[in-house]
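First comes the structure, then the notes that go with it.
The values are calculated or read from the model by the stated rules, or taken from the named source; none is laboratory data. Computed from a predicted model, the values in this text were never measured in an experiment. Don't worry about glycine lacking a Cβ; one is built from the backbone with ideal geometry, like all the others, and counts go over all protein chains shown. Only protein heavy atoms, including side chains, enter the accessible area calculation; ligands, DNA and RNA are left aside. Shrake-Rupley method; radii C 1.70, N 1.55, O 1.52, S 1.80 Å.
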Amino acid sequence: MPTTSRSRIVLATTAALASLTAAAHALPQTTETATHAEPSAEPLAGLRVLLSNDDSMQAAKASHADGLGLYEMRKALCAAGADVVVMAPWQVQSGKGTAVTNGGALTLARRTRLPVGYENDCTGAPSGSPVYGVCLSDDACGAGTPSATPADTVKFALRSGLAAKAGWADGPEVVVTGINSGPNVSAQVNDSGTVGAAVAAIDDGVPALAFSSSGDSTNTDFPVANYRANAEFGTRLLAGMRERSLLTGKFAVKVDYPDVSTGRRAKAPLWTDIGHGKVVWHDYAARRDSGDTFDIVPGVCADRPGDSCTETVRRADSTALLSGHVAVAPVTADRTYGATVDGGKNLRKLKHYVEHDAPRP
């Protein structure tokens, strides 16, 4: 969504999410007592990871809405032994979905001074673990230079960028996108640049996971604690998927993490469906002084029977997230109604892993 309306839209998110509370108690319960083998010190040793997002690689805002989650994920992945290269949008590209740029040129800007506290996270990585922002320009990226979209960055990285800049002739083994500032659930998934970047990866047959974190109670600030918990959980989830040969380019895996900034622990991950309701939606209000100008404003769901916003999916990702669970859902690039990827074999295996063997927060 356009950055001019984002602050107003996120303010509406909390109120809209609250309307789903009545449905939360209906979710099936997941056992918390699963036993797991002691993890190795570097469960992702040698894994080549392309890391991107839609929040940019700037990480300059006090609200942590412009890419700090990316650095928390980078830190966790490198600590687990992965070799991580970042190619992310130069500017915030929230709401861009799967949009791509059809002409012009892309330019890379390598970040030489990382955010304070993250400077030495990937020391010794074979690639050097560079962080690049990607802009739309045939000259150097500047403060006002337009940005590549999230899907642009992934397509570019897979088809040219990683071979040229990291020497990865065979590309990455997995693409990780996020951690996004705010959840990507229900109908909003179609707008999400975080998910769009993951879809761009599976379009090229590369496994992908898309991570998003809830904000605080106002959903206008995004605590480091939420990013950190999500990154730690996500790294262990990825390690388990790798160990069990569950990484596949047939579909992406979407992970949404609840707010834990007040000290409440996240509940066990639930295998969910992407909901059909709307947490918030885009509305357009004509300005009184101009019949040709319309402000982009948030619409808030009434959450009543028959209202098009109301969530009707029984195991919706939004309902799981509201109840404090980590919401995990598969996302396919095939828009064909009723299509089942590979007969559902990989889906069933991953669902079993999430429900029974995946790490607990």
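For the stretch 274-361, the residue among His356, Ala285, Gly338 whose Cα projects farthest onto the positive side of the dipole built from Cβ charges is His356.
Stretched out fully, how many nm does the piece from Asp295 to Ala333 gain, at 0.36 nm a residue minus the Cα gap?
Between Asp295 and Ala333, full extension yields 10.5 nm more.
When the alpha carbon gyration tensor of the stretch 97-154 is reduced to an equivalent ellipsoid, its three semi-axes come out at 25, 13, 10 angstrom, largest first.
The lysine pair tally for the chain, using Cα distances under 15 Å and a gap of 8 or more places or different chains, is 6.
The stretch 156-213 and the stretch 37-90 have Cα centres spaced 12 Å apart. Just checking the listed ones, Asp121, Asp138, Asp152: in the Gaussian network model of the chain with Cα springs under 10 Å, the one fluctuating most is Asp138. Placing +1 on the Cβ of every Lys and Arg and -1 on the Cβ of every Asp and Glu, with no other charges, gives the chain a dipole of roughly 380 debye about its Cα centre. Evaluate E = 1/(1 + (r/R0)^6) for Asp204 and Thr340, where r is the Cβ-Cβ distance and R0 equals 30 Å; express this FRET efficiency to the nearest 0.05. Working from the Cβ atoms, E equals 0.90.
For the stretch 86-99, backbone phi angles converted through the Karplus equation (6.51, -1.76, 1.60; θ = phi - 60°) give residue-by-residue couplings of 9, 10, 9, x, 5, 10, 4, 10, 4, x, 7, x, 9, 4 Hz, Gly and Pro being listed as x. Coupling constants for the stretch 258-274 follow from the phi torsions by the Karplus curve (6.51 cos²θ - 1.76 cosθ + 1.60, θ = phi - 60°), and in residue order they are x, 6, 10, 5, 8, x, 6, 6, 5, 7, 4, x, 10, 7, 10, 9, 6 Hz; glycine and proline get x. Is the C-alpha gyration tensor of the stretch 272-361 telling us rounded, prolate or oblate? Criteria: a/c under 1.5 is rounded; beyond that, a/b larger than b/c is prolate, otherwise oblate. Because a/c hits 1.5 or more and a/b exceeds b/c, the stretch 272-361 counts as prolate. Excluding ligands, DNA and RNA, the accessible surface per residue across the stretch 103-204 is 40 Å² with a 1.4 Å probe. For the chain, modelled as a GNM whose springs connect Cα atoms under 10 angstrom apart, the maximal fluctuation among Arg236, Arg287, Arg228 occurs at Arg287. Specify which labelled value, from [x] 133; [y] 151; [z] 125, agrees with volume of the Cα convex hull per residue in Å³ derived from the coordinates of the model shown. For volume of the Cα convex hull per residue in Å³, the calculated option is [y]. From its DSSP helices (H runs of at least four residues, each -39,500 (n - 2.57)), the chain gives a residue-normalised ellipticity at 222 nm of -7000 deg cm²/dmol.
Counting protein heavy atoms only, the stretch 27-166 has 49 percent of its accessible area on carbon and sulfur, 1.4 angstrom probe.
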